[in-house]
Amino acid sequence: MVIYFIRHGDPNYEDDCLTEKGVKQAELLAERVKNLKLDEVYFSPQGRATQTGQTCMKYFDIKPVTKEWMKELEWGDLSGNAYSTESPWALTDEFLKTRRSYPAGESWKDDPEIKNDRIIGDVERREKCFEEFMAEHGLIREGQGYVVTKEAKNKTIAIFCHGGLSSALIAHLLNIPFWQYAAHFHIEMTGIMKIYIDESVDYSIAKAVFLNSYEHLGSLV
């Protein structure tokens with residue numbers, strides 16, 4: 001199996017669509033991905049990701065499937081609204097300024113600044129949804145990798161989604177704590193991440209072929 005996680009273009013978050021710059025980035029992305037041999041395409045339900053994906057679909061004779069769980073991660077105090085607190089990336093910057101460190105390993109879930117935030121439950125929910133998705137494709141999670149069943153069809157899949165969700169799922173696939181991945185791996189607008197799982201063996205682990213590839217943007221970063 002090959003999975004391409006693809007982030008949306010430059011967004012207007014308030015209107016949940018692409019900016020003029022984002023539209024141009026999506027066009028450049030479309031030229032970049034048009035020769036990929038895709039079997040399935042999935043969209044986040046949010047406008048900025050859907051608009052990016054639709055721009056690319058003109059080159060493919062595939063009907064994309066929208067999945068609710070592929071929307072951007074939610075963070076925010078459990079007693080308030082979503083996005084009522086700083087994002088993991090902003091919090092990490094603050095941690096580095098004040099602590100000279102960030103929560104290591106899985107300790108981020110117990111950190112006083114994070115433990116009452118909805119992002120913990122949301123990351124866990126997305127991981128669960130993702131593993132159900134993988135099982136539907138014949139890959140059953142066991143330990144740090146996957147049991148490859150006879151239902152596995154060695155498909156190539158593209159998921160047009162978001163930086164936060166991509167970070168959470170790739171971290172999960174590569175067995176890296178989410179906060180650690182978010183701190184160290186930036187994802188540019190329309191950045192492409194390629195993950196490979198060898199289905200020719202009985203048990204396989206996910207491998208990163210490349211992360212955050214955005215050379216198609218040229219000077220439009």
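The values are calculated or read from the model by the stated rules, or taken from the named source; none is laboratory data. This is a predicted model, so every value here is computed, not measured. Virtual Cβ from ideal backbone geometry, glycine too; neighbours counted across all protein chains shown.
The residue that is surrounded by the fewest Cβ atoms within 10 Å (Cβ to Cβ), among those in region 100-127 that are among the acidic types (D, E) and within 18 Å of the chain's Cα centre (by Cα), is E124.
For region 183-209, the tally of residues that are under 17 Å from L38 (Cα atoms) and not β-branched (V, I, T) stands at 5. Taking first residues from region 92-114 that are in contact (Cβ under 8 Å) with a residue 24 or more places away in the chain and under 9 Å from W179 (Cβ atoms) and partners that are outside any loop (DSSP other than H, G, I, E, B) and among the hydroxyl-bearing types (S, T, Y), the Cβ contacts under 8 Å between residues at least 6 apart in sequence or on separate chains come to Y102/T92.
Does T19 fit the bill of being within 19 Å of M193 (Cβ to Cβ) and buried (at least 16 other Cβ atoms within 10 Å of the Cβ)? Spell out the reasoning first.
On the way: within 19 Å of M193 (Cβ to Cβ): no; buried (at least 16 other Cβ atoms within 10 Å of the Cβ): yes.
Taking the combined requirement at face value, the residue does not satisfy it.
Among the residues examined, G53 does not qualify as buried (at least 20 other Cβ atoms within 10 Å of the Cβ) and within 18 Å of S219 (Cβ to Cβ). Considering region 167-201, and only residues there that are part of a loop (DSSP other than H, G, I, E, B) and small (G, A, S), the residue that is farthest from F60 (Cα to Cα) turns out to be S200. Between K97, K63, K37, the distinction of being exposed (fewer than 13 other Cβ atoms within 10 Å of the Cβ), out of contact with any helix residue (DSSP H, G or I) (no Cβ under 6 Å at 6 or more places or on another chain), part of a helix (DSSP H, G or I) and modelled with pLDDT of 95 or more belongs to K97 only. From the residues in region 128-169 that are farther than 18 Å from E199 by Cβ and in contact with a Cys (Cβ under 9 Å, 6 or more places away or on another chain), which one is surrounded by the fewest Cβ atoms within 10 Å (Cβ to Cβ)? Applying the filter and picking the extreme gives L169.
Being of a type in the set (D, E, K, R), farther than 18 Å from G9 by Cα and in a loop (DSSP other than H, G, I, E, B) is the filter here; which residues of region 66-88 pass it? Let's see the steps before the verdict.
From region 66-88, those of a type in the set (D, E, K, R) are 67-68, 71-72, 74, 77, 86; that's our starting set.
Keeping just the survivors that are farther than 18 Å from G9 by Cα gives 67-68, 74, 77, 86.
Within region 66-88, K67, E74, E86 qualify.
Being touching a residue at least 12 places away in the same chain (Cβ under 8 Å) and over 24 Å from V65 (Cα atoms): is that true of G145 here? Break it down stepwise before answering.
Working: touching a residue at least 12 places away in the same chain (Cβ under 8 Å): yes; over 24 Å from V65 (Cα atoms): yes.
For G145, the condition - touching a residue at least 12 places away in the same chain (Cβ under 8 Å) and over 24 Å from V65 (Cα atoms) - is met.
Among the residues examined, Y13 does not qualify as in contact with a Phe, Trp or Tyr (Cβ under 7 Å, 6 or more places away or on another chain), over 15 Å from A158 (Cα atoms) and not charged (D, E, K, R).
For first residues located in region 9-27 and closer than 14 Å to T190 by Cβ, partners that are of a type in the set (S, T, N, Q) and part of a loop (DSSP other than H, G, I, E, B) and lie 6+ apart or on another chain with Cβ distances below 6 Å form the pairs G9/T190; D10/T19; Q25/T190. Among the residues of region 210-221, write down those that are hydrophobic (A, V, I, L, M, F, W, C), in contact (Cβ under 8 Å) with a residue 40 or more places away in the chain and within 17 Å of F5 (Cα to Cα). Residues satisfying the conditions are L211, L217.
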